Structures are given as C-alpha cells and as structure tokens.
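First the structure, in the form of structure tokens, and then the observations on it.
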Amino acid sequence: MEQPAAGTGSAATGNGGVVIRKARLEDIPRVIVINRVTLPENYPEWFWRDHLEKWGEAFFVAEVDGKVVGYVMSRVEYGAPNIAKGMLVKKGHIVSIAVLEGYRRRGIGTALMKAAIEALRERYGCKEVYLEVRVSNEPAIKLYEKLGFRKVRVIPMYYLDGEDAYLMAKEL
C-alpha cells in the first residue's frame, strides 16, 4: 500500500481510493467523532488542536471518497528509552489511532501507522516510537507486532475501566 513520503501532504493508495494525508484544523471535528464512536478514551477538543499545532507533521487522517474515516495522532517526547539503553531519547508516542468500523481490514490502520512512524523518524528525529494498547485488543496487538513493535511491559489498570495496557515500542 502506498503512503506519503515524509514531508508530503497526501498520497492515494492503491486500495479502494484511500488517501492518507496530514490532518488539518478543519479535520478535528470529524476526528473527534471517529474517536468517540470507536474508542472509550476521549479527549477535549483543545487536546486534539494542541497535538495538531505542535506535532502536525505526524498527525494523519485517512480519507475514502473524500470522507475522513480514520486518523492517527502522535506527539514527541523526551525521556528514558523503552527499549534501548541510555539516559534520554527523543521518542514518538502514538497517542491515538482509530478507523471506523466499516473501513477496517483494508490496510488503513497499517498505512496510518507507517505514515506516523516515518514522520516521527524523518521529521522529528525520533529514535523510538511507543504506544499503549489494551491487553484484550488482539487485532491491534497483531497489527503493531507486524509493524515491528514488541511488548515491553504491562501497565496495570491503565484504562479508566481498570483494564491493563501493554506498552509496546519499536526502535527507529
């Protein structure tokens, strides 16, 4: 599946007219709707805008027939690495990713993740990327493992409903 090179705004994929492009301010209301209907963890509008303003090079949406059907929101942090040894490292954090139910299993999530990972490495100089995922979310875990992430540790009671999360990370 084609995806945008770092620094490009969009690229059509060979998969049913899917376009992966950088998110824009006018996409935020639609992204919030997708988040609310697909995930139990929701954020206030300012949080989305803040991430777009600060780390917009690694915030992507997926469009099908001109309609935004998925997104990935990332940020850049400094801290102890999750995988490599060392003191401090610049790392990308995949904060949230979602694809609407009717558009799943088409490679859209994979394309969004690849675009975000590439941007975090190329545009922000990150040496690692990580995320949290529910221990029960097998489809997502399989996707992340396919992309080279590995389970680093369990974070007990990470989610509001008390479910644990895996912290998964990948060196870039």
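Here are some notes:
- Within this structure, Glu53 fails the test of being acidic (Asp, Glu) and assigned to a strand (DSSP E or B).
- Residue match in the stretch 131-142 (condition: surrounded by 13 or more Cβ atoms within 10 Å (Cβ to Cβ) and polar (S, T, N, Q)): yes
- Condition check for Glu41: part of a strand (DSSP E or B), surrounded by fewer than 21 Cβ atoms within 10 Å (Cβ to Cβ) and under 15 Å from the mean Cα position of the chain (by Cα): no
- Among the residues examined, Trp46 does not qualify as among the aromatic types (Phe, Trp, Tyr), within 30 Å of Val89 (Cβ to Cβ), in contact with a strand residue (DSSP E or B) (Cβ under 7 Å, 6 or more places away or on another chain) and part of a helix (DSSP H, G or I).
- Filter result for Val95 (under 14 Å from the mean Cα position of the chain (by Cα) and either under 17 Å from Leu172 (Cβ atoms) or surrounded by 15 or more Cβ atoms within 10 Å (Cβ to Cβ) (or both)): yes
- Scan of the stretch 143-172 for residues that are within 19 Å of Val99 (Cα to Cα) and either aliphatic (A, V, I, L, M) or surrounded by 16 or more Cβ atoms within 10 Å (Cβ to Cβ) (or both), ordered by number: Leu143, Tyr144, Leu147
The numbers here are math on the coordinates, done by the rules we state, and not lab data. Remember, predicted model here, so these are calculated numbers, not experimental data. Using ideal geometry, Cβ is built from the backbone for each residue, glycine included, and neighbour counts are taken over all protein chains shown.
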